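The values are calculated or read from the model by the stated rules, or taken from the named source; none is laboratory data. This is a predicted model, so every value here is computed, not measured. For neighbour counting, all protein chains shown are included, and Cβ atoms are generated from backbone atoms with ideal geometry for every residue, glycine included.
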Amino acid sequence: KATEEKFEFQTEVSRLMKLIINSLYKTREIFLRELISNASDAIDKIRFLALTDPNALKATPNLNITILADKENRRLVITDSGVGMTKKQLKENLGTIAKSGTSEFLDAIDKKNADMNLIGQFGVGFYSVFLVADKVTVTSKHNDEDKQYVWVSQAVNDFSISEDPRGNTLGRGTQIVLHIKEDASEFLEEKTLNELIKKYSEFINFPIYLWSTKEEEIEIDSEDASKSKQWSLMNDQKPIWVRDPKEVTDKEYEEFYASFTKDAGGKPLTWIHFKAEGEVDFRSIIYIPSKAPQDLFKKAEDFVRNIKLFVKRVFITDEFVDFIPKYLQFIRAIVDADDLPLNVSRETLQQHKTLVLIKKRIIKKILDMISTLTQDEEKYTTFIKEYGTSLKLGAIEDDRNRKKVAKLLRFPSSYKPGNLTSLDEYISRMKKGQTKIYVMTGGSIEEIKQSPFLERLQARGYEVLYLAEPIDEMLIQHMPGYDGKTFQNVAKGDLKFGDETDESKEEFEKTKLEFVRLQDWMQATLIEFVEKVEISKRLTSSPCAIVAQEWGWTGNMEKIMSSQTF
Ligand code: ADP
Ligand code: MG
């Protein structure tokens, strides 16, 4: 007791705990998922350290997680031989919130429009223990410190940390003892625990044992039966990506996705599982989530954590900055390489030639995957809705793959309102003599449709692509054409069609003469506002339109630049 120190929880943590304690959240079992996931992360960390430090595992060579229910004392005990926490880490990791975005999560929970199930995504999964416990003790021993420490909280505003009077019982690692609430007794039942642990440990790469009654044995003496408990292994730790893709079911891929992305309940739109051999050997599963994250383009400097890198099944890192080009950052992947140097910093690792090769292969795979997805109309429509902007960014930024990416783009068009078209399809419908891909930019499809610029083209039966996204203006600047056909913004410059006859040209010359005085008058009147006034064949029913110069900004671009939406 002499060493006990009291600390206040950070305000946000207190707030979170109050929400958790008072929540009527039905699926309280997720606390077990969070604790198992933390234990697994901790073992990942010590195993990583052990790659370069042979002494790291000395104190406790076995890497595992054990779970024991002590019904009599209403205690649930979860122990791991992971990296452990120093006194300082206990205070910081279990008392403050490091991750940004937690406040938003709390606000959403408060307003009942967020699911507690997502807690793990916000870096506060640990606190879910208070869904089922009224008192929690965390005992931890870290290699860097001689002493073992105990963290205790009763879910009020403060917690305490003291030296463990029992000595270093753990060797190395962390033990979490939950004092189970009266109304949560089910979490002390062997059957419940057995089911839950199996569910949440399926994709954990370390053995998880439950202290439980032997399954097959039939005991005659019931007294004895209650005593015949043993550590039973709950999971098969062969990682899914090491298995033969033919033997993995869709359901398993989906569950694995939910577990490693912490996207509880979220589903992948598609995935690919492959083994690369040759220049570089690795296994990988790449997923495309069915929903894009809200902050897809915002996290410029932050780690995206969309790729988990393993080397021969040992987790190395998910801290990459721009490893995958920004426009493909929405993917989630596991990469397990056979050969990488591990005694270099993570920054250096990212530049390593093996990783550079892996990156190239992955980018190719992703583009192939998207290309395959185009064959599934429904899925591809979802894909475009979620990631269409990403692809356009790709066509702008990825010089090497521009052609490939351009093939994947889809645009609304005048051909079939409400439908999207590819550039190849557009070209296949081009009229005889048509040399350009006609596009019209604007703030929305509605706005574009009402534009007088479209009239003439439509009257002549030309198809026009509607470019209603802010990024579209940039797109056609960076990608001036496709398959040998240049884009022609119909709001710009001189519109020439290849199909005028001599007769119509003559007639037009006559019309021009007829209106020359009006033209002069307008030119003089509007001198301050326009470059020049011209008689043209651009319109059919509207009397006039303001047209941008071939090399100038369109009205839409002016709007975008002044509002800085992009
Ligand atoms: P997250 O796991 O997303 O970081 P948590 O709230 O689950 O968020 O855990 C907070 C932190 O507490 C972890 O990042 C880790 O540093 C530490 N921690 C939790 N459980 C353990 C454990 N069993 N062993 C070592 N450290 C742990
Ligand atoms: Mg966690």
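Data table
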| item | result |
| --- | --- |
| In the stretch 333-371, the residues that are in contact with a strand residue (DSSP E or B) (Cβ under 6 Å, 6 or more places away or on another chain), farther than 17 Å from TYR287 by Cβ and not in a helix (DSSP H, G or I) | ALA337, LEU340 |
| Pair list, Cβ under 9 Å, 6 or more apart: the stretch 31-60 residue of a type in the set (D, E, K, R), other residue away from ligand 2 (no atom under 16 Å from the Cβ) and part of a helix (DSSP H, G or I) | ARG33/LEU196; ARG33/LYS199 |
| Residues of the stretch 7-39 classified as assigned to a helix (DSSP H, G or I), more than 13 Å from ligand 2 (Cβ to nearest atom) and either among the acidic types (Asp, Glu) or on the phi > 0 side of the Ramachandran plot (or both), total | 1 |
| Selection status of ASN205, more than 16 Å from ligand 2 (Cβ to nearest atom), of a type outside the set (Val, Ile, Thr), within 18 Å of THR79 (Cα to Cα) and surrounded by 16 or more Cβ atoms within 10 Å (Cβ to Cβ) | no |
| Spans of strands (runs of 3 or more DSSP E) in the stretch 139-230 with at least 2 residues over 37 Å from the mean Cα position of the chain (by Cα) and modelled with pLDDT under 95 | 208-213 |
| Selection from the stretch 264-281 of residues that are part of a loop (DSSP other than H, G, I, E, B) and within 23 Å of the chain's Cα centre (by Cα) | ALA264, GLY265, GLY266, LYS267 |
| Filtered residue count, the stretch 226-246, keeping only those that are under 19 Å from ARG313 (Cα atoms) and not β-branched (Val, Ile, Thr) | 9 |
| Cross-chain or 6+ apart pairs with Cβ under 6 Å, the stretch 116-137 first and under 14 Å from VAL156 (Cα atoms), then more than 9 Å from ligand 2 (Cβ to nearest atom) and among the basic types (Lys, Arg) | LEU131/ARG28; ASP134/LYS181 |
| Candidate set from the stretch 72-99 (those that are away from ligand 2 (no atom under 16 Å from the Cβ) and in a loop (DSSP other than H, G, I, E, B)); member that is nearest to PRO61 (Cα to Cα) | SER81 |
| Qualifying position, being surrounded by fewer than 20 Cβ atoms within 10 Å (Cβ to Cβ) and either closer than 22 Å to ILE78 by Cα or more than 13 Å from ligand 1 (Cβ to nearest atom) (or both), among THR139, THR169, THR174 | THR169 |
| Selection status of PRO325, farther than 27 Å from ASP115 by Cα and touching a residue at least 40 places away in the same chain (Cβ under 8 Å) | yes |
| So ASP158, is it in contact (Cβ under 8 Å) with a residue 24 or more places away in the chain, under 19 Å from GLU92 (Cα atoms) and surrounded by fewer than 21 Cβ atoms within 10 Å (Cβ to Cβ) | yes |
| Considering residues of the stretch 106-125 that are part of a helix (DSSP H, G or I) and more than 14 Å from LYS18 (Cα to Cα) only, the residue nearest to ligand 2 (Cβ to nearest atom) | GLY125 |
